[in-house]
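This report concerns only the one structure given below.
Bear in mind these aren't lab numbers, they're just calculated from the coordinates by the rules spelled out. The shown structure was predicted, so the numbers you read here are calculated from the model rather than taken from an experiment. In this analysis, Cβ positions are derived from the backbone assuming ideal geometry, glycine residues included, and neighbour counts consider all displayed protein chains.
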Amino acid sequence: QVQLVESGGGLVQAGGSLTLSCLASGSIFSLTAMGWYRQAPGKERELVATITSGGSTDYADSVKDRFTISRGDTMNMVYLQMHSLKPEDTAVYYCNLRGYSTFYDLGTDDYWGQGTQVTVSS
């Protein structure tokens with residue numbers, strides 16, 4: 001089993017910054033990527049940023065040039081640096097881990113944290 005715990009959310013004024021952290025624990029056969037998703041009230045969960053085990057990154061158009069995803073020395077820790085925050089960034093941010101759960105899996109599985117609230121005031 002894999003456990004993901006997010007931290008770093010809070011209340012910030014528009015134009016401010018926050019850094020989110022995600023700690024992964026437990027075991028998985030093979031990790032392929034970690035990332036951040038967010039869900040605003042009344043909206044579907046959307047991808048924010050991902051980083052593969054090889055270091056490749058991908059960002060939603062709405063956060064490019066403002067957010068940066070990075071990892072620690074190992075892929076058990078991932079960060080999301082957020083700058084120039086806007087009220088529309090307000091959402092619950094979820095950490096995601098993707099990988100092969102068992103030796104027998106032909107496809108990857110997704111694991112999710114409980115989320116951390118980010119609120120941007122104007």
Charges at C-beta only: +1 for Lys and Arg, -1 for Asp and Glu. How large is the resulting dipole of the range 36-110 about its Cα centre, in Debye rounded to 20? 200
Projected onto the charge dipole of the chain (unit charges on the beta-carbon of Lys, Arg, Asp and Glu, signs +1, +1, -1, -1), the Cα from 41, 1, 107 with the largest positive-side position is that of 41
Express the relative contact order of the chain as a whole percentage, based on alpha carbon pairs under 8 Å and six or more residues apart in sequence. 36
For the range 1-43, would you read off the P(r) tail past 13 Å as a percentage of all alpha carbon pairs? 69
All Cα pairs of the chain, percent lying beyond 24 Å: 23
Give the share of C-alpha pairs in each 5 angstrom bin for the range 9-81, from 0 to the last occupied bin, in whole percents, shortest bins first. 3, 14, 24, 25, 19, 9, 5, 1, 0
Counting only DSSP loop positions in the range 44-109, the chymotrypsin sites (Phe, Trp or Tyr not before Pro) whose Cβ has at most 11 other Cβ atoms within 10 Å are 103, 104
Ordered by number, the trypsin sites (Lys or Arg not before Pro) in the range 1-110 that occupy a DSSP loop and have at most 16 other Cβ atoms within 10 Å are 43, 45, 64, 66
Amide H of residue 90: which non-local residues (sequence gap of 5 or more, or other chain) have their own amide H closer than 5 Å, using H built in the peptide plane? 120
Under 18 Å from the residue 81 label point (7 Å along Cα→beta-carbon), backbone N, the range 1-22: 7-9, 15-22
